[in-house]
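One structure below.
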Amino acid sequence: MIVSMQDKGEALLSKCSKGFKSLVRRKQVDSVHVRREGHQLARKLTALDLTAIGVGTTIGAGVYVLVGTVAREHTGPALTVSFLIAGLAAALSAFCYAELASRCPSAGSAYHYAYICIGESVAWLIGWSLILEYTIGGAAIARGISPNIALFLGGEGNLPAFLVRHTIPQLGVVVDPCAAILVLIVTFLLCAGIKESSLVQTIVTTVNVCAMLFIIVAGGYLACKTGWVGYELHGRFFPFGLNGMLAGSAIVFFSYIGFDAVTGAAEETKRPLRDLPLGIGMTLTLCCILYMLVSVVIVGLVPYYALNPDTPISSTFSANGMQWAAYIVTAGAVTALCASLMGSLLPQPRLLMAMARDGLLPAFFSDISTRTQVPVKSTVTTGMLAAVLAFFMDVSELSGMVSVGTLLAFTVVAISILILRYAPPEEVPLPSSLQQFIDSVRKQLDDDSQSMERKEFNDADIVEQSPSQSVYGEASIQYPLIEKQFCEGNQDKQNPRRRRNIAIWNIALFCIGVLVLTSAASAEYLPSLVRFSSGAVGAAILLCSLVVLACLNQDEARHSFGHTGGFLCPFVPFLPAACILINSYLLMSLGVGTWIRVSIWLIMGALVYISYGWRHSSLTNAVYVPMAYLDHIYRASSSHQV
């Protein structure tokens, strides 16, 4: 009876251990050894195409409204400084994305990086969050286009009857046919091919950038004529103080979200090692410059307290006798929304394709068209879902959920950089079909290793010592070089493992410290003493773990991890650490209602993963081998096929 209970306990423990390992199993970086079956995506995009995609996705119509509300309520004339600080904060994430994109240039973006560096469960969490972001984001953008089109045409009465919003009395729902039609048009363009859709994206983005350049040039001319009256406020450049300026930076930070769409097209880039980091950098630089110049001009034309919070740019030009400029501004807003819509719908089919290739979603989503070389089935599914949401639902209340997916992705990407530098994966999964080659190579290398150890042991036997002498007694005197080499050999085998364990624990402690600190900083409902003490504990954990990481040497395996020769993130571990801290604080600052809705979505995702993804994962029967064995195994399998 006791033996039976022990067997059951051991079986249960074994199942739990196996289940936990499946949650943290990691996939291999796609390399020259990996040959996917079926058709591949077309590599046709250049750095210029990627920049157009990134700028179009990032610069939405929000900037045409944001400058008014943020300047009036938070920053005053210091709005330009807020855009600069927010741009620098976004650059932290951009540096992390640039390194991972060049090392792991495959579809899936943050999901793909998390799967390689952290594990399957975290990758699923990120992928599921990004699905929500792209779907709701696309629908929300589409719902915002029709009012701007109506404004451009002089009112809803000038729109064709079939495009006008109307209410269904029985349901009390306001339907938007124009939004749904626009989503379907964009879906058709994306199905036509990546080069065709990127060409349209480039044209629309160029019109949007030209509208912003008109605002900068014409506004600067007017400001020079009027004497920059917005800045003549008796030296009050920071009317709301430093806190107001920083609060404005936190708000305008979200206007930089979108550069990560560049990494979604990694498999369609001609030269990913060069073009992906270049596309990310050019996107963020152009957006930051345009935002800052627009804010300089608008705040200089009119005193910040006189800005119209709804139409700040159009109203500013109208106040200076240029009513016709409103048409150019509205055209810019419409093209900005169209470009942002295309940018929101482009990455999701590729994300679904990547998750389906890994077995976490049905294989239906991984099919690639033989004619256009794009994932048509995933694109059509994404477009239909976004069109239905845009037609029936006012998703403006759900727009906060979009930020959660992005900020989670930014945080996980920064953590992945720390793991890649200090504790990169030591083993890689291989299909069970290679088991015979794995066993053969492992036996051969183990035999070679044992032969080397026997040789070293026999060499060490030449040291003569009496029974009363210690191991390193007289030997260290008679043969000091042999003793030194013997000690250093053991240390070389032990020190990397010890350093790696220290790094893993300190990365985990750093994340815990960030979580405690940001939770205490954003929990305004708690007593001051509790917030201060919790924040102090979190800050202490954070700083101590960061100091330890800074003192540790980075893992040598990082030089050969993934595709080498691309961009490298600077100032590790400080830059990724700052990125994690900023994004975690922004996450914690989101409203309770947003987190409740996101939690419901994540619970649904956990159920989908448990019921389907966990059982159908491509890593379910994978065999993990040390990376040192990889080339030998592939060489053995290749010679066998020949």
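The values are calculated or read from the model by the stated rules, or taken from the named source; none is laboratory data. Remember, it's a predicted structure, so these values are computed and weren't measured experimentally. Here Cβ is always computed from backbone atoms with ideal geometry, including for glycine, and neighbour counts include all displayed protein chains.
Conditions (1) farther than 26 Å from G332 by Cα; (2) crowded, with 23+ Cβ neighbours inside 10 Å, marked per residue:
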| residue | (1), (2) |
| --- | --- |
| L130 | yes, yes |
| Y134 | no, yes |
| G137 | no, yes |
| A140 | no, yes |
| A150 | no, no |
| G154 | no, no |
| I168 | yes, no |
| A179 | no, yes |
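I'm checking my understanding of the structure. Among residues of region 507-559 that are over 20 Å from I417 (Cβ atoms) and of a type in the set (F, W, Y), which one is surrounded by the fewest Cβ atoms within 10 Å (Cβ to Cβ)?
Y525
Between A78, A98, A110, A91, which is surrounded by 24 or more Cβ atoms within 10 Å (Cβ to Cβ) and out of contact with any Phe, Trp or Tyr (no Cβ under 6 Å at 6 or more places or on another chain)?
That would be A110, the only listed residue that is surrounded by 24 or more Cβ atoms within 10 Å (Cβ to Cβ) and out of contact with any Phe, Trp or Tyr (no Cβ under 6 Å at 6 or more places or on another chain).
So in region 352-370, with the set limited to residues that are out of contact with any Gly (no Cβ under 6 Å at 6 or more places or on another chain) and within 25 Å of A52 (Cβ to Cβ), which one is surrounded by the most Cβ atoms within 10 Å (Cβ to Cβ)?
L352
Condition first: among the β-branched types (V, I, T) and in contact with a helix residue (DSSP H, G or I) (Cβ under 7 Å, 6 or more places away or on another chain). Now tell me which residues in region 210-223 satisfy that.
Those that are among the β-branched types (V, I, T) and in contact with a helix residue (DSSP H, G or I) (Cβ under 7 Å, 6 or more places away or on another chain): I215, I216.
Output the helices (runs of 4 or more DSSP H) that fall wholly within region 64-163 and possess 3 or more residues being modelled with pLDDT of 90 or more, more than 23 Å from the chain's Cα centre (by Cα) and of a type in the set (F, W, Y), or say none.
Working: elements: 79-103, 110-117, 120-153.
Those helices (runs of 4 or more DSSP H) do not exist here; none qualify.
What number of residues within region 540-568 satisfy the criterion of being assigned to a helix (DSSP H, G or I), of a type in the set (S, T, N, Q) and modelled with pLDDT of 90 or more?
Count: 1.
Pairs, please: C-beta under 9 Å, at least 6 apart or cross-chain, first residue under 19 Å from S584 (Cα atoms) and in region 89-118, second among the aliphatic types (A, V, I, L, M) and part of a loop (DSSP other than H, G, I, E, B)?
A90/I257; I118/V24
For region 246-283, name all the residues that are aliphatic (A, V, I, L, M), in contact with a Phe, Trp or Tyr (Cβ under 6 Å, 6 or more places away or on another chain) and closer than 29 Å to Y304 by Cα. Give the derivation first.
Filtering region 246-283 down to residues aliphatic (A, V, I, L, M) leaves 246-247, 250-252, 257, 261-262, 265-266, 273, 276, 278, 280, 282.
If we keep only those that are in contact with a Phe, Trp or Tyr (Cβ under 6 Å, 6 or more places away or on another chain) as well, we get 252, 280.
Once the filter is applied, which keeps residues that are aliphatic (A, V, I, L, M), in contact with a Phe, Trp or Tyr (Cβ under 6 Å, 6 or more places away or on another chain) and closer than 29 Å to Y304 by Cα, region 246-283 yields only V252.
Only one of G244, G248, G220 is in a helix (DSSP H, G or I), surrounded by fewer than 21 Cβ atoms within 10 Å (Cβ to Cβ) and in contact with a His (Cβ under 6 Å, 6 or more places away or on another chain); which? So that I can check it myself, show each step before the final result.
Working: G248 fails: surrounded by fewer than 21 Cβ atoms within 10 Å (Cβ to Cβ); G220 fails: in contact with a His (Cβ under 6 Å, 6 or more places away or on another chain).
Going through G244, G248, G220 in turn, the sole match is G244.
Would you mind finding the one in V55, V81, V67, V63 that is closer than 19 Å to A306 by Cβ, among the hydrophobic types (A, V, I, L, M, F, W, C) and in contact with a helix residue (DSSP H, G or I) (Cβ under 9 Å, 6 or more places away or on another chain)?
Sole residue among the options that is closer than 19 Å to A306 by Cβ, among the hydrophobic types (A, V, I, L, M, F, W, C) and in contact with a helix residue (DSSP H, G or I) (Cβ under 9 Å, 6 or more places away or on another chain): V67.
Could you tell me how many of the residues in region 257-293 are surrounded by fewer than 24 Cβ atoms within 10 Å (Cβ to Cβ) and either farther than 24 Å from C569 by Cα or of a type in the set (F, W, Y) (or both)?
3
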